[in-house]
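Engineer: Below is a structure I'd like to ask you about.
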DNA sequence: CCCGGTTTGGCAAGCGCTTGCCATATCGGT
DNA sequence: ACCGATATGGCAAGCGCTTGCCAAACCGGG
C-alpha cells in the first residue's frame, strides 16, 4: 500500500495562490521573489509538508542533492571516519551520500566514478590510484575533490605527507633512536611516494614497499631485525599492528626492544597492547574539509588545495632507546 | 571534449528504426518485445553507448536503481563489512547504495529513513533501535530489510543470537570454566535482549549492561575481578578489547588468569595481543543475504527471515582454566 | 480462406520540476 | 504626470522515460 501523500509544487502553488514556477523560485532562487510572496509560499510549503521530488528536480534542472564518496576500503576505519564525517555534513545540507568501495583497484575506481557521476552533484575520491586524467574523464564534468592525492589544477585535501614522516622521525630521534626505518607503502599511492621522498631527504632507511595490511607488517619483522633497527615508522596503523604482531611472535618486546609508530590514528590504535603511538591523519577534519571544498567548487569557486597538518599521538609503542 | 552528450532513448530508437516506447520495453520488460526487434535494439543501444537516465526513469516509473543502507556506526568494521558487501552486490545489479550513519539514535535513524526512502527502491536497516512501526511509517511504503533485528511480519536477516551465547559459553565450559560472565549490551538493541534471555536460560551470570565500546569494556574489569570470574563473553569485539585493556592495566594475564571472548570477528580481532577468540558474526554473509532478501521483496515475494549461524573462532584470548 | 485470439509495436499522456521569455506592476526622477 | 528602468510573477516548453491503450500484423483451426 503506497500512500503517496507527497505534495507537489502545484499543491503548494494553489494553496499560496501563485504559479508553480514562482514556488520553484522561492525555493531555489533566494531574492528572486518578493519577500511578501515568498513568506506566503513558505507558509504553504510548511502547511502541506512539501518535499521536493529529487528525480524531477534533477531531470529539469540537473541538481541532484547527492554527493558520492569513493574509498579504497570502507572497512578501514580511517576511511570510514571520513565517510561518516561527510555524511554528517551532507545531512546538514539536506544532501545524501552515495558510497562506493574501489578495493584500491583503478578499474573499479573508474567504473565507480563513471556510474555514480551522472547522479551526483560532485564526488570525493579518496586515495585514488588511477591516473587523475582518466578519473576526470570518467566524471563527465562533475566536480571532484581528491583526498590524499594532489594533482595539477585539481581540488584536493590531503595530510601533509612530508610532515607525517618528519613528525614521526623527530619523535623517534628525540627518544634517542638513530637506527630508524620507515616502511614504504604501495607505490601506486601518492601518499606513499611523498613519504618516501621525504624519508630519502631525511636520510632515513626505508623498508618495503609492502601492502598496507596486517600481513604486510607481519612480514616486515625479519627485515627489521636483520637491519638492526630500533624503531620503525609504518605506512599506516594496520601495518603497525602487523609489526606488533610479528614482534610478539618473535618475543621482541615493544617498546623496550623495538619502537613502533603507526599512521592514521584509527580508533583501534588506542586499543592494542601496547597502545600504538601514531601520527594522527585527522580523518574527520579531512572529511569535513573535503565536503566543504566540494561545496565551494559547486558554488563556482576555482579548485583549491587544503593541507592538513598531522599530529603526533604518543602512546606506548615507542620508548627511549635501550 | 565531452562526447558524453548522453544518448537518449530517442537516439537509440531512431538508430534501430523503432519507437522509443519499444526501446524502453526491450530494456525493462524482457519478453514483451519480439526477439528479432529486441536484438536490433540492443545493438543500437551498444552502438550509441546508451545509459539510461535514472532521474527520468524514476520520475516516470518510480524505479530508482538505488538502495539505502542505514548503520548505527560505519566506523565499526562489522557494519563496514556489511556495507561493503551490499555495495559489491549492488554493483553487480547496476545499483548504487546510499549510506547513512544513525549514531545509534532513534531520531537520526528515522530521519535517515525518511529522507532516503523517496529516492531508493528499498532499505536495509542495521540494528535499529527505533520502534519498527515508526521505521515502517518513515519508509513511506518502501520495502525494508532489517539486520540483526526481528519483528512481526517483517523481512530480516540476523545472526542467531541465542547461538552466539551458547557457542561462547560452550567453548568456555569445554575449557573448564564455570565462573563465566556474559556482558550485556544496551537494552535498546534487540540482539542484546536476545542474548540476555539466553544467558538467563543458561544460568550464566550477566554483567552490565555497558555501552558497546572500548571504554565500556574497560570499565568492566573491576566487576569481573570482584565477581571472581575466570571467563567473560562480551557483547562485541570492541568491548572485548576494552576488557583486554583493563586486564593489561591491572596486570591480569590473558588467557592465563582470565579468558575473554568477543563477538563479531571484526578483522582487528585477529590483530590484538593476544589475538581475540570471538564468535563470528558473519558480516559479509549477512550483508549479502540482506541484499538478496531485499531483491526478493522488490520482486514481490513476502517478507522472510534469514537466520545465519555464528561460528566460534578460537584464538588466544581463551584458555583452560588455571 | 475466414475468423477470433494473440503478439507486437506505435502513440501520447504524463511524472514534478526548472527556467527563459514576457507582460505587468512598481518606482524614482524630472 | 510622464518615462524608462527594474522588480515581480505568469506561462509553457521541455528534461528522458514508462506505460495504458489501441491498431496492425500474425497465427492456427475449421
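Engineer: From Cα pairs below 8 angstrom and at least 6 apart in sequence, can you work out the relative contact order of the stretch B:147-306, rounded to a whole percent? Mind dumping the intermediate values first?
Structural biologist: Values: 270 pairs, mean separation 38.7, N = 160.
Once normalised by length, the contact order is 24 percent.
Engineer: Which three semi-axes in whole Å describe the equivalent ellipsoid of the stretch A:170-266, each the square root of 5 times a Cα gyration tensor eigenvalue, listed largest first? Could you put the intermediate results ahead of the total?
Structural biologist: Values: eigenvalues 70, 51, 26 Å².
Semi-axes, largest first: 19, 16, 11 Å.
Engineer: Using only Cα atoms, locate the centre of the stretch B:1-61 and the centre of the stretch B:204-225, then give the distance between them in Å, rounded to an integer.
Structural biologist: Value for the Cα centre distance between the two parts: 59 Å.
Engineer: Now for a separate question. Evaluate peptide A:262-275: per residue, the Cβ atoms of other protein chains within 10 Å of its Cβ; return the mean as an integer. All intermediate terms of the calculation are to be shown ahead of the outcome.
Structural biologist: Numbers: counts 0, 0, 0, 0, 3, 7, 12, 1, 3, 13, 7, 10, 2, 2.
Going residue by residue through A:262-275 and averaging, the value is 4.
Engineer: Which percentage, to the nearest 5, of the DSSP beta bridges contained in the protein assembly as shown is antiparallel? Provide the component values of the computation, followed by the final result.
Structural biologist: Values: 7 of 75 bridges.
Taking every DSSP beta bridge with both residues in the protein assembly as shown, the antiparallel ones total about 10 percent.
Engineer: I need the inter-copy label distances for residue A:316: point set 7 Å along Cα to C-beta, values in nm with one decimal, smallest first.
Structural biologist: Reported distances to equivalent positions: 1.7 nm.
Engineer: Ignore the peptide's own chain and count Cβ atoms of other chains within 10 Å of each Cβ in A:84-92; give me the average, rounded. Kindly include the intermediate steps, with their values, before the conclusion.
Structural biologist: Values: counts 7, 1, 0, 6, 4, 0, 1, 6, 0.
Partner-chain Cβ atoms within 10 Å, mean over residues of A:84-92: 3.
Engineer: Moving to a separate point now. Cα centroid distance between the stretch B:63-108 and the stretch B:283-309, in Å?
Structural biologist: 14
Engineer: Okay, next question. Run the numbers on chain B and let me know its relative contact order in percent, using alpha-carbon pairs under 8 Å that are six or more apart.
Structural biologist: Working: 630 pairs, mean separation 50.6, N = 322.
RCO, chain B: 16 percent.
Engineer: Please arrange B:213, A:239, A:22 by how many other C-beta atoms lie within 10 Å of their C-beta, fewest to most.
Structural biologist: Values: B:213 18, A:239 30, A:22 21.
Fewest-to-most Cβ neighbours within 10 Å comes out as B:213, A:22, A:239.
Engineer: Further question: Tell me, what is the percent relative contact order of the stretch A:61-135, built from C-alpha pairs under 8 Å that lie six or more residues apart?
Structural biologist: This gives 45 percent for the stretch A:61-135.
Engineer: For peptide B:96-108, what's the mean number of Cβ atoms from other chains within 10 Å of each residue's Cβ? Working shown, then result.
Structural biologist: Working: counts 10, 5, 7, 9, 6, 8, 0, 2, 0, 0, 0, 0, 2.
The mean count of partner-chain Cβ atoms within 10 Å per residue comes to 4.
Engineer: Restricting to the stretch A:169-322, compute how many DSSP beta bridges are antiparallel as a %, nearest 5. Could you put the intermediate results ahead of the total?
Structural biologist: Values: 3 of 16 bridges.
The antiparallel fraction comes to roughly 20 percent.
Engineer: Just want the ordering: B:6, B:318, from fewest to most Cβ atoms lying within 10 Å of their own Cβ.
Structural biologist: Values: B:6 15, B:318 27.
With the fewest neighbours first, B:6, B:318 line up as B:6, B:318.
Engineer: Against the longest principal axis of chain A, how steep is helix A:77-92, in degrees 0 to 90 to the nearest 10, with axes from Cα atoms?
Structural biologist: Tilt of helix A:77-92: around 20 degrees.
Engineer: I would also like to ask the following. Which of the three applies to the stretch A:53-106, rounded, prolate or oblate, going by the alpha-carbon gyration tensor with a ≥ b ≥ c and a/c under 1.5 meaning rounded?
Structural biologist: Numbers: a/c = 4.48, a/b = 1.79, b/c = 2.50.
The shape class here is oblate.
Engineer: Then there's this: For n ≥ 4 DSSP H runs only, could you compute -39500 (n - 2.57) per run for the protein assembly as shown, divide by its residues and tell me the 222 nm figure to the nearest 500? Before the final figure, lay out each step's value.
Structural biologist: Values: 26 runs with 282 residues, N = 644.
Value at 222 nm, helices only, nearest 500: -13000 deg cm²/dmol.
Engineer: What shape does the stretch B:182-233 take by its C-alpha gyration tensor, where a ≥ b ≥ c are the square roots of the eigenvalues and a/c under 1.5 counts as rounded, a/b above b/c as prolate, and the rest as oblate?
Structural biologist: On the way: a/c = 2.80, a/b = 1.17, b/c = 2.39.
It is oblate, given that a/c is not under 1.5 and a/b is not larger than b/c.
Engineer: Tell me whether chain B comes out rounded, prolate or oblate; compute the Cα gyration tensor, take square roots of the eigenvalues as a ≥ b ≥ c, and use a/c under 1.5 as the rounded threshold.
Structural biologist: On the way: a/c = 3.00, a/b = 2.65, b/c = 1.13.
Note, shape of chain B comes out prolate.
Engineer: To one decimal place, what Kirkwood hydrodynamic radius in Å is obtained for the stretch A:255-322 from all pairs of distinct Cα atoms?
Structural biologist: Working: mean 1/r = 0.0721 Å⁻¹.
13.9 Å is the Kirkwood radius here.
Engineer: Taking every DSSP beta bridge with both residues inside chain B, roughly what % is antiparallel (nearest 5)? Write down the numbers at each step before the final one.
Structural biologist: Numbers: 3 of 37 bridges.
Roughly 10 percent of the DSSP beta bridges within chain B come out antiparallel.
Computed from the coordinates by the stated procedures, all read-outs in this text should not be read as laboratory data. Computed from a predicted model, the values in this text were never measured in an experiment. Positions of Cβ are backbone-derived with ideal geometry, glycine not excepted, and every protein chain shown enters the neighbour counts.
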